[in-house]
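Step one of this worksheet: look at the structure below.
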Amino acid sequence: MTGVSFVIPVRNGAACIRETIASVLAQRDGRPMEVIVVDDRSADGSFELLKELAERWPLQLIRADGRGAAAALNLGIRRAQHPVVCQVDQDVVLGSGWAARLADELRDPTVGAAQGLFETDPHAGLFARVMGRDLEDRYAAMGDRIDHVCTGNSAYRTEALRRVGLFDENLGYGYDNDMSYRLQLAGYRLAFCRDARSTHRWREGITEYLRQQYGFGYCRLDLLAKHPRRVGGDSVSPLSMMLHPVVMSAAAISVVAGLALGRAVSRPMLLLGAFLVGLLILERSARGARAAWRFRDRAPLLFPLVHALRDLVWVGAIVVWSTRRLLGISVSPSDSMRPRAGGLPSLLGEPPQTRWRARSDSVLAVIPAHNEAFNLPVVVAEIRAYSRGIDVLVVDDGSTDGTATVVRQLGVPWLRLPHRMGIGAAMRVALRYAATHDYTAVVRLDGDGQHGPGDIPRLLQPLRSGDADVVLGSRDARPGEAHVTAGKVLRRLLAACLTALTGRRVTDPTCGFCALGPRAVRILAEHHPTGYPEAELRLFLSRNGLRMVEVSVATRSRLSGKTSLTPARVAVAAARVLLAMCIVPFQRAVPDLAHD
């Protein structure tokens, strides 16, 4: 049977998390299974409760850093060991056999994700039942194949999540929609299993309901900005629902105009506004009556009133979202969450001086990539997770495997070379980009995932302390590693030659994991060696008087795929290094115009 990893992000979920985890543990049916709970800086005692539960129940408990549900979810997914990840929200109680039924849907390799059916607790409060019955009514109109898998009640193919780059951590609400859209762009299908049932504990009370609806309305605009072709909605949020805020906005504008303009036009404008609101109420009345009959519950009869309030809140979200964009205010996952106390300035974000990093410490992570379509999403996601505040640039070195398509979906700047030109040429292009955009440090990581972003702070430290112009990663700088391979022997022979030529100790001449300071960025933007440049780069740096230090780094195997270094390319690279050893030490130093 297929192994399953459950990932449960938690933030202030003490009220129902015990019941949720118990329902997850009840899914055990003999298949390999793990439960990963990620507490996202709860303030209601959830973390303390989870620690107590972890002492009695088989849980892995992780403490996140408060960056939102998507970031917490990604943290858990990176720990997941099984081919299926079941994502369960903190307020969802799974029914019997839920995991087995969704895992069966993923036996089809073309299915990237599957969701179950949310049921409404018949004993919940009025507004919780209104929200639940509304969703159930929309589910009833859906087929088995859908284009949106709802978060909190779903199973994902782990390989598919990593292929598309995990969840977008810039989104508060709506990261499940975004993931569904990206999975389909990557060629996966989505499935809906009505037999996999769970109960959602919706928020109680009108205030909590409207706060959540504000988030839904705000995140829909973030989604449209990222996926403009989804203006017509999806299977869970159909066009009829998407039109509600549009019609309500038109009604609000008509009423305001009617009150502000002269008597000659005020009456027609007011009548138009009333007519539009009447259309919305009529449509919701019909849907509410149908849902009340279908579910034998009177709560849907309140659809006209409750959804009119919802539409007004959505209009407010449109105003806030548009204002933020017009003022150029940066986005944050919390933007689509409930409005904070403090009025309009809080809705518009923090003051500029607290939102922007000082350019004196701006870092760009550069990823040269050739045919790394399956690895890049994971590499970019890891940089975002472990090195917050660092920008990312991907340079596609003439890939032929769909890398260009994948990069466009990752939400990072990218450059594409017209044909394969080698890592050195890709780095030269990237460094020119960095110099043009005033970055003061550049970190290079390979696109195959061998370099761990967790080492980036250690590479940057000598630059920030002023002790080096270039920091070079070394796999051989750690003492006590006695295991010797043929590759290590060849590297050490080359390292001995470079040590003799440069007068500086070189331990790992072929590691591409490095950090470049301002002076190195300026010079190498025009003079970075091309081809496979690592060894030649060390000769060039020494000849031009740039201060180098080595820092030990951990490396790992490629995430997937095969290396592009064929025997023929290795032979050409070796010949070039030998030629560089004869020529570079005698070349004239290149001018650093900033110091002339």
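Matching residues to (1) open to solvent by 20 Å² or more (accessible area, probe 1.4 Å); (2) assigned to a helix (DSSP H, G or I):
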| position | (1), (2) |
| --- | --- |
| Lys51 | yes, yes |
| Gly66 | yes, no |
| His82 | yes, no |
| Cys86 | no, no |
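The set of residues from region 164-184 being crowded, with 24+ Cβ neighbours inside 10 Å, more than 12 Å from the chain's Cα centre (by Cα) and assigned to a helix (DSSP H, G or I) comprises Asn177, Ser180.
Residues that are surrounded by fewer than 21 Cβ atoms within 10 Å (Cβ to Cβ) and assigned to a loop (DSSP other than H, G, I, E, B) were ranked within region 138-149; the one that is farthest from the chain's Cα centre (by Cα) is Ala141. Selection over region 433-469 of residues that are among the hydroxyl-bearing types (Ser, Thr, Tyr), in contact (Cβ under 8 Å) with a residue 24 or more places away in the chain and in a loop (DSSP other than H, G, I, E, B) gives a count of 2.
Selection of region 26-49 for residues being in contact with a Gly (Cβ under 8 Å, 6 or more places away or on another chain), among the small types (Gly, Ala, Ser) and in a loop (DSSP other than H, G, I, E, B) yields only Ser42. Put simply, of Leu135, Leu161, Leu75 the only residue that is open to solvent by less than 10 Å² (accessible area, probe 1.4 Å) and in a helix (DSSP H, G or I) is Leu161. Within region 88-117, the residues that satisfy the criterion of being in contact with a helix residue (DSSP H, G or I) (Cβ under 7 Å, 6 or more places away or on another chain) and crowded, with 23+ Cβ neighbours inside 10 Å are Val88, Gln90, Val92, Leu94, Gly112, Ala113, Ala114, Gly116. Filtering Arg338, Arg388, Arg384, Arg357 for residues that are under 23 Å from the mean Cα position of the chain (by Cα) and modelled with pLDDT of 75 or more leaves a single hit, Arg384.
Return yes or no: is Leu210 touching a Leu at 6+ places or on another chain (Cβ under 8 Å), part of a helix (DSSP H, G or I) and open to solvent by 10 Å² or more (accessible area, probe 1.4 Å)? Yes; evaluated as a whole, the condition is true for this residue. Looking for something surrounded by 15 or more Cβ atoms within 10 Å (Cβ to Cβ), among the acidic types (Asp, Glu) and assigned to a helix (DSSP H, G or I) - is there at least one such residue anywhere in region 222-235? Scanning region 222-235 turns up at least one residue that is surrounded by 15 or more Cβ atoms within 10 Å (Cβ to Cβ), among the acidic types (Asp, Glu) and assigned to a helix (DSSP H, G or I).
Being in contact with an Asp or Glu (Cβ under 7 Å, 6 or more places away or on another chain), on the phi > 0 side of the Ramachandran plot and buried (at least 22 other Cβ atoms within 10 Å of the Cβ) is a description that does not apply to Gly13. Any idea how many residues of region 415-432 are over 21 Å from Thr405 (Cβ atoms) and either in contact with a Ser or Thr (Cβ under 8 Å, 6 or more places away or on another chain) or not in a helix (DSSP H, G or I) (or both)? Residues in region 415-432 being over 21 Å from Thr405 (Cβ atoms) and either in contact with a Ser or Thr (Cβ under 8 Å, 6 or more places away or on another chain) or not in a helix (DSSP H, G or I) (or both): 4 in total.
The values are calculated or read from the model by the stated rules, or taken from the named source; none is laboratory data. Since this is a predicted model, take the numbers as computed values, not measurements. Virtual Cβ from ideal backbone geometry, glycine too; neighbours counted across all protein chains shown. Only protein heavy atoms, including side chains, enter the accessible area calculation; ligands, DNA and RNA are left aside. Shrake-Rupley method; radii C 1.70, N 1.55, O 1.52, S 1.80 Å.
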